[in-house]
Amino acid sequence: MLDAGERKRLKTKARELREKIIEVTFTCGGAHVGGAFSQHEILVALYYKALKIDPKRPAWEDRDRFILSKGHGGVGHAVILGDLGFFDPALLKEFNKTGSPFGMHLDRLKVPGVDFSTGSLGHGLGLGVGAALGARQIGKPWRTYVVMSDGECAEGSVWEAAMAAGNFKTTNLTAFVDRNRFSLDGPTETLMRLEPLDKKFEAFGWRVLTIDGHDFDQILDAIETARAETERPVMVIANTVKGKGVDFMEDKTAWHYGGLDEATRDAALASIRKSK
Ligand SMILES: Cc1ncc(C[n+]2csc(CCOP(=O)(O)OP(=O)(O)O)c2C)c(N)n1
């Protein structure tokens, strides 16, 4: 349980970063803003509270590893890395522009703080299992965190990785599903039914926690529970809202990817500023 001051610090930071995501989406002409907002509190909780990282030493060997398997959420990840000082955040003016270090999906060879290049869905969990097994093999203390999307769970490779994690009992791996219930072009349950998602991961050998993915207390409790688990890897099914924080984007498939003109940008910023 967070104390009130810490909870407020994280909420204020989350709001400030949402505004920055809107600004970058405006200047770059369009981004995957819906999924960036649904994953947002999970990333803020990890980066501003849980991860053992050092922005001055992005290649520090013992750092925790983070994999944004839903690489299209890169706009949200980049804004956080810039804010933490992995690079000069002024560079984000060039986000997704020709010649800039930032593509829509972040490249680990170009963006300090990115451990794994992602974008092709379905690969992050397998990378995470590898990083976790690697730590075990060479006796390293880092933990590995993976954030997947729900639409991504339609990829067969997710289940191959899930089976391996259960089999090898990778307790140094914690994964999240950003369960916003929407994929690119509609609800997951219409396109490719996932439910009962918790039972599926359990059957593959995971301990499953289901939480409100916008509640910092629940996210950080889940991370703590996962750290203490000694038998199974932990999958956190985080119930979220696509487009969370901007009233006209919430639960709207049309805002999976979108561009903003000045009026829409201002309306989005106004909505974020009045959100609690
Ligand atoms: C292998 C692969 N197929 C297709 C795509 C194109 N694509 C980008 S985002 C997306 C789906 C987005 O829905 P979801 O995975 O649930 O993400 P979220 O709602 O969290 O943004 C797809 C199919 C991709 N990036 N990778």
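The values are calculated or read from the model by the stated rules, or taken from the named source; none is laboratory data. Predicted model, so just to flag it, every value in this text is computed and none were measured. Neighbour counts are summed over all protein chains in view; Cβ atoms, including those assigned to glycine, are modelled from backbone coordinates with ideal geometry.
In the stretch 11-34, which residue that is in contact with a Lys or Arg (Cβ under 9 Å, 6 or more places away or on another chain) and surrounded by fewer than 19 Cβ atoms within 10 Å (Cβ to Cβ) is nearest to Leu260 (Cα to Cα)? Among residues in the stretch 11-34 that are in contact with a Lys or Arg (Cβ under 9 Å, 6 or more places away or on another chain) and surrounded by fewer than 19 Cβ atoms within 10 Å (Cβ to Cβ), the one nearest to Leu260 (Cα to Cα) is Gly29.
Against the criterion of being surrounded by fewer than 19 Cβ atoms within 10 Å (Cβ to Cβ), farther than 25 Å from Gly134 by Cα, away from the ligand (no atom under 16 Å from the Cβ) and not hydrophobic (A, V, I, L, M, F, W, C), Thr210 qualifies. Applying the selection to the stretch 52-75, what residues are touching a strand residue (DSSP E or B) at 6+ places or on another chain (Cβ under 6 Å) and among the aliphatic types (A, V, I, L, M)? Once the filter is applied, which keeps residues that are touching a strand residue (DSSP E or B) at 6+ places or on another chain (Cβ under 6 Å) and among the aliphatic types (A, V, I, L, M), the stretch 52-75 yields Ile67, Leu68, Val75. Based on this model, can you work out whether Phe66 counts as away from the ligand (no atom under 15 Å from the Cβ), surrounded by 17 or more Cβ atoms within 10 Å (Cβ to Cβ) and under 14 Å from Cys28 (Cβ atoms)? No; evaluated as a whole, the condition is false for this residue.
Of the residues making up the stretch 97-114, those that are away from the ligand (no atom under 16 Å from the Cβ) and in contact with a helix residue (DSSP H, G or I) (Cβ under 8 Å, 6 or more places away or on another chain) are Lys97, Ser100, Pro101, Phe102, Val111, Pro112, Gly113, Val114. Do we find that Ala263 is free of Cβ contacts under 8 Å to residues at least 12 places away in the same chain and under 17 Å from Gly151 (Cβ atoms) in this structure? In short, no. When residues in the stretch 229-264 are screened for being part of a loop (DSSP other than H, G, I, E, B) and either within 30 Å of Gly166 (Cβ to Cβ) or at pLDDT below 95 (or both), 8 of them pass.
Of Thr190, Thr253, all but one fail to be within 16 Å of the ligand (Cβ to nearest atom), farther than 20 Å from Leu68 by Cα and touching a Gly at 6+ places or on another chain (Cβ under 9 Å); the exception is Thr253. So, Thr225, is that one surrounded by fewer than 17 Cβ atoms within 10 Å (Cβ to Cβ), part of a helix (DSSP H, G or I) and of a type in the set (S, T, N, Q) or not? Yes.
Val241 - would you say it is surrounded by fewer than 22 Cβ atoms within 10 Å (Cβ to Cβ) and either of a type in the set (Val, Ile, Thr) or in contact with a Lys or Arg (Cβ under 6 Å, 6 or more places away or on another chain) (or both)? In short, yes. Tallying residues that are among the small types (Gly, Ala, Ser) and either within 11 Å of the ligand (Cβ to nearest atom) or part of a loop (DSSP other than H, G, I, E, B) (or both) within the stretch 125-155 yields 4.
Within the set Arg143, Arg136, the sole residue that is of a type in the set (D, E, K, R) and closer than 26 Å to Asn239 by Cβ turns out to be Arg143. For the residues Lys52, Lys56, Lys8, the requirement of being away from the ligand (no atom under 16 Å from the Cβ) and either in a helix (DSSP H, G or I) or of a type in the set (A, V, I, L, M, F, W, C) (or both) singles out Lys8. Looking only at the stretch 156-181, residues that are part of a loop (DSSP other than H, G, I, E, B), within 16 Å of the ligand (Cβ to nearest atom) and hydroxyl-bearing (Ser, Thr, Tyr) come to 0 in all. For the stretch 101-159, a residue qualifies if it is touching a residue at least 12 places away in the same chain (Cβ under 8 Å) and either of a type in the set (Lys, Arg) or at positive phi (or both), and the qualifying residues are Gly113, Gly119, Gly122, Arg136, Lys140, Arg143.
The criterion of being within 26 Å of Phe176 (Cα to Cα), in contact with a Lys or Arg (Cβ under 9 Å, 6 or more places away or on another chain) and among the acidic types (Asp, Glu) holds for Asp83. How many residues, within the stretch 84-106, are part of a loop (DSSP other than H, G, I, E, B) and over 23 Å from Ala50 (Cα atoms)? Looking only at that region, the number is 11.
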